[in-house]
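Please read the structure below before turning to the comments.
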Amino acid sequence: MATLEGYAPFCFRQSVAETNEIGELIPPGHDSKRLQGFSWDVVRLSLHHKGYTIKLMVYPWARVISLARRNEVDVVFPAAKTGVRSQFLVFSKYPVNTVHYVIYVNKKKQNNWRGLEDIIGVRLAGMRGWDYGRYWNAHLELIELREVNTVEQGFQMLDHNRVEGLAGYEEVFDHYLIEKGMDEKFGKLPAFDQGFEFLSGNKLNPNIKQILNDFDSSRQRLFKQGILVKLKKHWFPLSNSDI
């Protein structure tokens with residue numbers, strides 16, 4: 001299994017990680033010594049319930065997708081469905097997590113915006129390689145887009161007026177602002193779309209159908225037993241968004 005870190009509160013590094021090893025082996029009943037987060041808990045608990053021992057590898061997201069494309073790992077997460085990915089990946093029926101797409105602005109300019117209908121010719125920053133949904137993609141040609149590599153870089157550009165807005169995932173970007181004590185500095189527009197992220201694997205993997213079926217049945221068990229709600233309250237204590 002491969003995933004990324006630096007994607008709090010979904011998948012991110014423990015503050016005092018006990019290992020940097022690639023290929024951490026995690027049997028049922030045990031947790032990672034490196035990774036934490038809502039999405040990791042959902043996947044780990046679901047597959048452990050079915051008796052899987054997880055060999056966890058953590059890489060930059062571009063490499064995670066590359067490994068999946070070459071069928072060098074069984075599963076990756078959390079992956080949004082896109083046209084390109086659907087050419088070589090299959091996805092779980094149920095999502096690992098939900099994200100809401102929003103545009104962040106400087107608070108003093110917040111009242112000048114209504115939403116994506118105001119983006120013609122506007123300079124916006126967005127995360128390199130991230131998917132922002134069909135509505136965003138349909139308007140891409142109208143945007144003067146500046147791609148950034150980190151959330152920090154995006155907010156720095158917004159703070160210095162190098163862009164007029166920053167497109168982000170509300171759950172991830174809000175977590176960053178709260179952690180940095182900057183949540184009062186920036187405003188945001190209402191979510192213009194939402195997306196679901198899944199467990200996925202290469203279509204050519206002979207075991208992928210069974211793995212995804214096992215995840216889906218166990219993920220629904222977490223939902224019915226109220227465990228997903230408890231995980232949400234733990235990782236999103238200030239959020240009322242869907243899971």
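Values in this text are rule-based calculations from the coordinates and carry no lab data. Bear in mind the structure is a predicted one, so any value in this text is a computation, not a measurement. Here the Cβ is made from the backbone with ideal geometry for all residues, glycine too, and neighbour counts use every protein chain on show.
For the reader, a short list of remarks on this structure follows.
- Gain in span if fully extended, K224 to A191, counting 0.36 nm per residue against the direct Cα distance: 9.1 nm
- Sorted on the mean count of surrounding Cβ atoms within 10 Å across their residues, most packed first, peptides 140-150, 88-98 read 88-98, 140-150.
- Potential extension, R134-K33 segment - 0.36 nm per residue separation minus Cα distance: 32.7 nm
- Value of D in µm² per second that Stokes-Einstein yields for segment 144-195, Kirkwood Rh from Cα pairs, at 4 °C (1.567 mPa s): 111 µm²/s
- For the listed peptides 165-172, 191-198, 67-74, 24-31, a ranking on the average number of other beta carbons within 10 Å per residue, highest first, reads 165-172, 191-198, 67-74, 24-31.
- Adding -39500 (n - 2.57) for every DSSP H run of four residues or longer, then dividing by how many residues the chain holds, sets the calculated 222 nm ellipticity at -9000 deg cm²/dmol.
- Hypothetical label at A62: residues of segment 147-176 whose amide nitrogen lies under 14 Å (7 Å Cα-Cβ projection): 147-150
- Only Lys, Arg, Asp and Glu carry charge here, each on its Cβ (+1 for the first two, -1 for the last two); on that basis the chain has a dipole of about 440 debye about its Cα centre.
- Per-residue extension of 0.36 nm, minus the Cα-Cα distance of K233 and N106, leaves a gain of 42.8 nm for this segment.
- Listed peptides 47-59, 219-231 by packing density, highest first (mean Cβ within 10 Å): 47-59, 219-231
- The structure shown yields Rg and Dmax of the Cα atoms in Å, and of the options (i) 17.3, 54; (ii) 18.3, 55; (iii) 16.5, 50 that calculated value carries the label (ii).
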